[in-house]
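Peer 1: Once you've had a glance at the structure underneath, I'll fire off some questions.
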Amino acid sequence: MLAAMKTKPSAGAELAVIDIPKPKPDEVLIKVKAASICGTDKHIYTWDKWSQGRIKPPMVFGHECCGEVVEIGSFVKGIKVGDYISAETHVPCGHCYQCRTGDMHVCRNVSILGVDRNGIFAEYAVVPEICCWKNDSSLSVEIASIQEPFGNATYTVMESNVSAKKIAIIGDGPIAAFACGVAHAVGAARIYNLGMIEFNLEICRKMGADISINVTQEKNYRERILEETDGGVDIVLDMAGNKAAVHDGFAILRRMGTFTAFGIAPAPFEFDMAESVVFKGAKIIGISGRKMFETWYQLRNLLDTGKVDPRPVITHRFPFKDFIKAMDLATSHKIPSSKIVLIME
Ligand code: ZN
């Protein structure tokens, strides 16, 4: 089969022909129908510092996908050949404290598809049964493949109780855009969206952001938000995570407000805990992955009923054979893109 491999510990990747993997007793083999490119894949492709410490080539990367089950392991009970599935990408151990108390998305021994084990940028891939999410046959392959990042957005919004609140979503990438859609659908009263790229801010507006602020162009946006909201937004959803975003977030958060952290900073930075959190009475919520599987049921409800239409976020589609072209676009700083989907057939 054709697979996108990280063959060397350096930038880039290559399309290689390798054996179709064999599912273990608790796994299924899928024929991949669509796969989408995540920020994580960009890190692996460009071979940044994080990848150098985490990724062990040679390996198949990629984790956002959907596909048809073509073979099942001998222990598999809930999935059958022919099922149309998407994959939850956090593979839990099933035995640790978190797994046994309903928090398997933060399993202590978590192994991530396409990061710690072979992923899905390939014609076929193995997925553990526990991570299979059955789709309705009517769901388009591109939407089925983006449910995993859509789930990050859904979990972030649902954990933050945004209904009838004034909120700020920091960041303008695909997950921030999905979060604008989910927050709008579940009744946020006003959504400020802070970003840096006009192309992406426009997508966030289409998804439901009420007020977009390009922080590279508008000065005094902190003061403006504090004034318009009479002391700050009730909730900040940080989908960017860098130092500037975190500082902005706490600066525009009202006293006793909630800061929900999803974005990941490239490196640790200095932060004034006393001013930002203690004296403010702020609450901080960390978001990792998706709640297994409460988030998946919620996101299905949002997509099935049309409460959220994620299609404006999907800006590019490529056949799988053009994988390198797709990765070059995804990592280009010149040509804007949001979610890029690879169609396998
Ligand atoms: Zn566990």
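Peer 1: When the dipole is taken about the Cα centre of region 1-82, and only Lys, Arg (+1) and Asp, Glu (-1) are charged at their Cβ, what size is it in debye, to the nearest 20? The partial results should precede the final answer.
Peer 2: Values: 12 positive and 9 negative charges, 34 e Å.
The dipole of region 1-82 has a size of about 160 debye.
Peer 1: A follow-up question, please. If you put +1 on each Lys and Arg Cβ and -1 on each Asp and Glu Cβ, how big is the dipole of region 141-266 around its Cα centre, in Debye rounded to 20? Don't jump to the answer; show the numbers that get you there.
Peer 2: On the way: 11 positive and 15 negative charges, 53 e Å.
Using Cβ point charges on Lys, Arg, Asp and Glu, region 141-266 gives about 260 debye.
Peer 1: Taking square-rooted eigenvalues a ≥ b ≥ c of the alpha carbon gyration tensor, is the chain rounded, prolate or oblate, where a/c under 1.5 means rounded and, failing that, a/b exceeding b/c means prolate?
Peer 2: prolate
Peer 1: Checking the a/c ratio against 1.5 first, then a/b against b/c, what shape does the Cα gyration tensor give for region 240-295? Walk me through the numbers on the way to the answer.
Peer 2: Values: a/c = 2.45, a/b = 1.36, b/c = 1.79.
Verdict is oblate for region 240-295.
Peer 1: While we're here: Specify which residue in the list G281, A122, M59 is farthest towards the positive end of the charge dipole of the chain, using unit charges on the beta carbon of Lys, Arg (+1) and Asp, Glu (-1), about the Cα centre.
Peer 2: The Cα lying farthest towards the positive end belongs to M59.
Peer 1: Between exposed trypsin sites (Lys or Arg not before Pro) in the chain, where DSSP calls loop and at most 14 other Cβ atoms lie within 10 Å, what's the longest gap?
Peer 2: Numbers: sites that count: K77, K80, R108, K219, K307, K334.
The longest such stretch corresponds to 109-218.
Peer 1: Could you pull out the GluC sites (Glu not before Pro) across region 199-269 that fall in loop regions by DSSP (anything but H, G, I, E, B) with no more than 13 other Cβ atoms inside 10 Å? Mind dumping the intermediate values first?
Peer 2: Numbers: sites: E202, E218, E223, E227, E228; in loops: E218.
Passing both the DSSP loop test and the Cβ count: E218.
Peer 1: If you build a Gaussian network model of the chain, linking Cα atoms that sit under 10 Å apart, which residue out of G39, G73, G286 swings the most?
Peer 2: For the chain, modelled as a Gaussian network with Cα springs under 10 Å, the answer is G286.
Peer 1: I've got another one for you. Rounded to the nearest 500, what is the 222 nm mean residue ellipticity of the chain from helices alone, with -39500 (n - 2.57) per DSSP H run of 4+ residues and division by all residues?
Peer 2: Only helices count here, giving -7500 deg cm²/dmol.
Peer 1: Hey, another quick one. I'd like the GluC sites (Glu not before Pro) in region 1-64 restricted to DSSP loop residues with at most 12 other Cβ atoms within 10 Å, sorted by number. The partial results should precede the final answer.
Peer 2: Values: sites: E14, E27, E64; in loops: none.
Answer by residue number: there is no such site.
Peer 1: Hey, another quick one. Calculate how steeply helix 147-160 sits against the longest principal axis of the alpha-carbon atoms of the chain, using the helix alpha-carbon long axis, and give the answer as 0 to 90 degrees to the nearest 10.
Peer 2: Between helix and principal axis, roughly 30 degrees.
Peer 1: When the dipole is taken about the Cα centre of the chain, and only Lys, Arg (+1) and Asp, Glu (-1) are charged at their Cβ, what size is it in debye, to the nearest 20?
Peer 2: Numbers: 39 positive and 40 negative charges, 60 e Å.
I would put it at about 280 debye.
Peer 1: Let me ask something additional. Accessible area per residue for the chain in Å², computed with a 1.4 Å probe and the full protein assembly in place, what is it? Don't skip to the answer; put the middle values down first.
Peer 2: Numbers: 15630 Å² over 345 residues.
About 45 Å² of surface per residue is accessible.
Peer 1: Straight-line reach from K56: which lysines have Cα under 18 Å away, leaving out those fewer than 8 places along the same chain?
Peer 2: Those lysines meeting the cut-off are K6, K8, K42.
The values are calculated or read from the model by the stated rules, or taken from the named source; none is laboratory data. Please read all numbers here as calculations on a predicted model, not as lab measurements. With ideal geometry, Cβ positions are generated from the backbone for all residues, glycine too; neighbour counts draw on all protein chains shown. The accessibility values were calculated without ligands, DNA or RNA, using every heavy atom of the protein model including side chains. Shrake-Rupley method; radii C 1.70, N 1.55, O 1.52, S 1.80 Å.
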